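Let me begin by presenting the structure, written as structure tokens, before commenting on it.
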Amino acid sequence: MIDFSSDDRPVRATIDSRDVGPGDLFVGLTGQNVDGGTFAAQALAAGAWGVLVAPEHADGLDGRVLVAEDPLRALQDLATAWRRELGAQVIGITGSTGKTSTKDILRGMLRPHRRTVATPQNLNTEIGLPLTVLAAARDTEVLVLEMGMRGEGQIAELARIAEPDVGVIVSIGPVHLELLGTVERVAAAKAELLAGLPDGGTAVVPHAEPLLEGLIPKHVSVVTFGEGGDVASLEGIELPFDAAHLRRNAMAALAAARAVGVEPSGPIEVELSDRRGQRIELAGGIVVVDDCYNANPMSMRAALDELARASGRRVAVLGDMLELGPDEVAYHAEIGDYARERSDVLVTVGPLAEHMAGDRCAADAAEAAGIVRELMAPGDTILLKASRGVGLQAVTEALVEH
């Protein structure tokens with residue numbers, strides 16, 4: 001469909017006609033509300049290298065037009081073809097929690113040594129991953145690709161597209177139980193990444209993780225991380241944080257770096273993706289920890305452990321954890337108990353979070369913003385954490401404005 005060995009190739013692919021520029025391949029995908037193929041003419045007029053559309057959108061277009069019955073599958077196949085043309089080493093990262101920060105840390109470890117492209121923010125889906133691959137320049141040496149999922153078979157699909165050499169499973173825990181039902185099925189879904197590795201590929205997994213027992217294929221080399229594992233220390237590496245969960249994720253990143261022949265040392269520059277624990281300093285010595293991109297019981301506990309280390313008053317603003325299935329009330333009640341031991345004030349946001357039994361309860365993020373503005377005081381550390389659907393970033397924005 002595209003000769004990637006030629007200089008006449010697109011520089012990247014995009015699915016947003018408003019984002020099209022010269023040299024771009026516009027891919028018209030069918031969404032829930034909009035059929036992207038209807039914007040193909042607009043993309044060509046904006047200077048696109050070409051468009052990839054379904055047959056019903058191809059007639060009458062003036063420019064380079066690629067036609068496929070399934071544009072999404074065609075986009076994925078193009079990404080695989082470019083991955084092969086690059087000849088780069090590919091590292092796939094998944095996990096119930098911590099995959100984004102592990103990706104960010106690994107990118108920081110690799111960049112001083114190898115020309116590295118990593119998933120921007122959370123483009124970790126069957127659409128975002130191929131877009132990341134196709135945006136990689138020809139001189140890319142390592143691709144670090146985050147792989148997200150909500151159900152069975154999705155990680156396998158991403159592994160098919162990316163053909164990873166190294167597969168990292170950061171953690172296994174109770175996420176997406178609404179669809180998968182049990183943590184054991186979550187583990188099996190994550191392990192699809194390892195099944196997609198080639199003979200002699202490297203599997204990086206948590207040390208002594210019982211949920212992965214029997215799920216690691218025999219054709220791969222295994223490196224474990226964490227206390228008691230093959231990588232249990234960060235000696236010689238200086239990181240811009242000391243949070244326990246981030247340092248454990250850094251061990252997974254270190255194992256992956258070594259698997260592609262890189263030995264990081266000294267100061268590591270790490271830029272965490274948005275809303276993954278960024279610390280925002282406000283007047284009066286108030287610190288806001290913006291960790292509200294997503295939440296599950298594992299990541300909630302890790303964030304609360306860090307809050308417990310703060311000096312001054314500790315304020316936990318915790319919202320609903322979504323997709324936890326039939327035991328969601330029990331999970332929220334357990335986190336409430338955990339939070340009260342590690343914070344001085346607990347504000348809950350949303351109907352599920354009510355079961356945490358906080359000191360104050362808000363129906364939504366807008367109400368929570370008012371409550372937190374009212375109660376915050378100089379020297380506070382304020383943790384904001386919830387599933388993305390709660391929209392808790394509105395509290396961060398309100399506090400910064402205030």
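Taken together, the values in this text are just the output of simple stated rules run on the coordinates, not laboratory data. Please read these numbers as outputs of a predicted model, since none were measured by experiment. Note that we place each Cβ from the backbone using ideal geometry, even for glycine, and neighbour counts take in every protein chain shown.
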Potential extension, ASP19-GLU178 segment - 0.36 nm per residue separation minus Cα distance = 53.8 nm
Between the DSSP loop rule and a limit of at most 13 other Cβ atoms within 10 Å, which trypsin sites (Lys or Arg not before Pro) in region 287-332 are left?
-> ARG309
Values of log10 I(q)/I(0), in the order q = 0.13, 0.16 Å⁻¹, for region 278-401 under a Debye, Cα-only, solvent-free model | -0.41, -0.64
Would you mind checking LYS103/LYS218; LYS99/LYS385; LYS103/LYS190 for any pair whose Cα atoms are more than 21 angstrom apart?
-> LYS103/LYS218
For the chain, what is the convex hull (Cα atoms) projected area averaged across all directions, in square nanometres?
-> 20.7 nm²
Could you give P(r) for region 12-69, binned at 5 Å from zero, as whole percent values over all Cα-Cα pairs?
-> 4, 25, 37, 23, 10, 1
Which percent, to the nearest 5, of DSSP beta bridges fully inside region 12-69 are antiparallel?
-> 10 percent
Pair ASP344, ARG150: separation of 7 Å Cα→Cβ label points (nm) | 4.0 nm
The alpha-carbon center of region 331-380 and that of region 233-269 are separated, in whole Å, by 33 Å
Nearest-ten-degree value, helix 365-375 long axis tilted from longest Cα axis of the chain = 40 degrees
Restricting the count to DSSP beta bridges whose residues both fall in the chain, what percent are antiparallel, rounded to a multiple of 5?
-> 10 percent
For region 42-104, run through the GluC sites (Glu not before Pro) and keep only the ones in DSSP coil with at most 13 other Cβ atoms within 10 Å of their Cβ.
-> GLU69
Sorted by chain and number, the residues with a modelled amide H under 5 Å from that of LEU392, at a separation of 5 or more or across chains, are none
When the helices in the chain are scored as -39500 (n - 2.57) per DSSP H run of 4 or longer and the sum is shared across all residues, what 222 nm value do you end up with, to the nearest 500 deg cm²/dmol?
-> -9500 deg cm²/dmol
Would you mind checking which residues have amide H under 5 Å from PHE225's amide H? H placed 1.01 Å from N; only 5 or more apart, or other chain.
-> VAL205, HIS207, ASP230, VAL231
